[in-house]
Structures are given as C-alpha cells and as structure tokens.
Amino acid sequence: MNRRDGSGPAGVAPRDSRALLLDALRRADALTQVELVAATGLSPGTVSTAVAALQAEGLVRVAPTTRSGRRARAVSLATPGGVLAGVHCYLDEARVLLDLGDGVPVERTVPLPGGHRAERAVREARAALDALLAETGTDPAAVAAVGVGVPAPVEVRTGRVAGSGVRTGWGGMVAAPGLLAPAPGVPVVFDNDGNLGALAEARLGAGRGCSTVVHVALSEGVSGGIVVGGEIVHGRTGTAGELGHLTIDPDGPVCSCGNRGCLQVYAGSAGVLDLLLASHGPMTLGDVLARAAEGDPGCRRVLSDVGRHLGTALASVCTVLDPDVLVVGGVLAEAGGLLLDPLREVLAEPTAVTSGAVVDVVAGHLGAAAPARGALLLARDAVLAGHAAAG
C-alpha cells in the first residue's frame, strides 16, 4: 500500500527506493519510468524523483524511446567512472568489448588456433583491449572494471579455473586480475563464459523480463548457465549450469571431462562435423548451416538430431527448475526450427512436463557476442557494488 504522500510503498525510505530502482535496472536494463513503477511498486512521483537523483550521480542514463507507439523515456544503468571492458576468451577466438559510457560498445575479435592454452588466449585478449583503448583515445586508468569470461568453470571461492579435463590447456589456471588489468588498480572479475552468456540473454536478450532463464550455447563446445531473478546461479563451487556435461548416454563416447555420453559429445562442433565427415568431407559449422538451408538431407538430419539430444539433456533440467524460458544460443541456434522444433518435441513429451505447460523455447538474440556482453554486465555489477559499499 502506498503512503498518502505518494512516496511509495509504506515504510520505504528514499535510500531504499534508490536501491529498488537500481536492482530493477540491473535485472532488465532500459526500462521506462512506467515500467519501473510496475517493477518496484513505487509511486510515479517517487520513481521520477529517484531517477533524477541517480542521473545527477551518474548512475543512470535517460534517453528518448517508444513503447507501443508512444514516446517515453528509457532509463538505463550507467557506470560511475564511465568506461567498462568485457572480455571473452573462447576456444576459437578472443572477443573484447569496450563501453565508453554510452552503452554502445566498440568491439575487436581475434581468431585463435585450435588447442591453444589459456596463456595464449589471455595474451591476445590483452593485446586487443590495449588496441581498443588506443584507438578510442581512452586512458587505461579510466577503465572502471574489466569482466572476463573463460571457457571453464570458475571456483567462486578461489578464482581458480576448475576441472582440468573440461578444457584442455585451461585447467588449473588462476584467474589472475593482473593479466588483464589495463592499468594498476583496475578491478578484474572472472566467470564462466556460459554463465555470462546466460546473464546477457536474461537481462538484455531473449530472456529479458523473465524470472528464471536457462541458456545453452552450441558452438565449438556446449556451454550453459542458469539465471534466477537476474542473478547467475553458481552453486556451491561455481559449476552449476555446466549443461554441456549432462550425461545423455552412459555408454556413449568418452567426453573431454572423462565421463561418457555428455551432451557436448553429441552437440558440440566436433561431434556434429564427425557425423558428416564420411559423406560430406571436411566442413565448418557455417557450411553445415548453409547446406541445411539449401535442403541437404544429411545436414538437416544432423541438426535435427542435435535438437533431440538437447531435449533429452534439458528435459530433466526443466523438470527441476520449471524455468520461464529456455534460450538456445551459439552458432547452431542459427538453424532455427530445424534444431529448435525437435527440441520442443522432446520437451513436450509427457514425462518432461511439470505443470501442464511446456517451457518456452527461443533462439538467443545476442549471438556470439553474448558472453562478452555478459562480461560487461559483470564488470558493471562489480563497480555498482563497490559504489554502494562506499555510499
């Protein structure tokens, strides 16, 4: 119930109203003031006053937008200090995004050779970050924080990359901030790239506005993440959401993690391309997608099988979590219905239905940049947390 003075829900102090607004914007950026009223339960007057105060502090940006054909003002989080960097070190590339404070990041991507070790990826990423800073005329010391995604679980208590068998050349690496800090004292925060892809799609992409989002990305490998209430679910050690290592056939081929029949064996690039090698010769995932779009029956069959394997692995996940949406990203998500329809069919089987309704399955909106976008969000969260603690 709102107080008669219109300041918001009874008992909510101005500082609490500020925190409610910031939390709502972290969960789903670029909300109008009307949407912020609905998200927080605060009165329109309180929202308007708090937004003006946050804008004066440099914590939010306000820009014109449209909603349902009507003009409105979109409120987005800003970063005290301005500049953020997001880094994604992956199996075939290093991607760096630099947000200069306007919410429109500039990007540099560097290809990486197969089988590279962590040191190579970090070295290339650091060089790309330095090049972006130079090109934009940005003082390295002006970077407020750097977020980094790596292709392996990160232990939440130690910062160590866990599971030496998960990614060859990455196990045992310590996520050392000094390797990617553009200047002394710049905070650097790490997380698993699957988690960061999920975070980006949940807050900015296909899962925006949903409470519980399960995200799986199919590219060189299979990664995943779970986001509840706008926050990554890490679990006890940081390995929650490792969907690529769900077992779908206990007698299947041995995976890099040492187990048999993991989803990654059947839905990762190596498994997909090996199935087509005898009949089609050497191909890339892009070749498979192009040939499938042209009607090639072998490529279409393989993509359909990937969808069914994905459904087998994720049926139990959806039964346990009952998510609002299942977002499929990565290169293979470009197959659209060829992959997603078989996935939906498996999830619709009676044993996978929890409450009479099948989870919504959608393709991701952010593409290959999702983990790097998530890394930017991770960096921003770190800065805002520090700002809140200092305040």
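The values are calculated or read from the model by the stated rules, or taken from the named source; none is laboratory data. Note that the coordinates shown come from a computational prediction; the quantities given were computed from them, not determined experimentally. No Cβ is skipped: glycine too gets one built from the backbone with ideal geometry, and neighbour counts run over all protein chains shown.
Against the conditions (1) in a loop (DSSP other than H, G, I, E, B); (2) in contact (Cβ under 8 Å) with a residue 40 or more places away in the chain, VAL358 satisfies every one except (2). THR351 falls short on exactly one of the conditions (1) modelled with pLDDT under 95; (2) within 23 Å of CYS210 (Cα to Cα), and that condition is (2).
The single condition from (1) under 29 Å from the mean Cα position of the chain (by Cα); (2) at pLDDT 95 or above that ARG260 fails is (2). Of all residues in the range 82-109, those being surrounded by 16 or more Cβ atoms within 10 Å (Cβ to Cβ), outside any loop (DSSP other than H, G, I, E, B) and of a type in the set (A, V, I, L, M, F, W, C) number 9. Restricting the first member to the range 378-391 and to residues that are closer than 13 Å to VAL188 by Cβ, and the second to residues that are at pLDDT below 70, the beta-carbon pairs closer than 7 Å and six or more apart or on different chains are VAL383/PRO80; VAL383/GLY81. The selection criterion, being of a type in the set (D, E, K, R) and in a helix (DSSP H, G or I), holds for ARG126. Candidates ASP92, ASP99: the one that is under 19 Å from the mean Cα position of the chain (by Cα), modelled with pLDDT under 90 and not hydroxyl-bearing (Ser, Thr, Tyr) is ASP92.
When you go through ARG126, ARG117, ARG70, ARG108 one by one, which is the residue that is among the basic types (Lys, Arg) and in contact with a Gly (Cβ under 6 Å, 6 or more places away or on another chain)?
The match here is ARG117.
Does any residue of the range 41-58 turn out to be assigned to a strand (DSSP E or B) and of a type in the set (A, V, I, L, M)? Among the residues of the range 41-58, not one is assigned to a strand (DSSP E or B) and of a type in the set (A, V, I, L, M), which makes the answer no. Scanning the range 110-125 for residues that are under 21 Å from the mean Cα position of the chain (by Cα) and at pLDDT 90 or above, which turns out surrounded by the fewest Cβ atoms within 10 Å (Cβ to Cβ)? By that ranking, first place goes to PRO111. Among the candidates ASP99, ASP139, ASP130, single out the residue that is in contact (Cβ under 8 Å) with a residue 60 or more places away in the chain, farther than 29 Å from ARG236 by Cα, outside the structural domain of GLY238 (by TED's automatic domain parsing) and not hydrophobic (A, V, I, L, M, F, W, C). None of the other options fit; the residue is ASP99.
Scan the range 65-91 for residues that are without any contact (Cβ under 8 Å) to a residue 40 or more places away in the chain and either on the phi > 0 side of the Ramachandran plot or among the hydrophobic types (A, V, I, L, M, F, W, C) (or both) and the total you get is 3.
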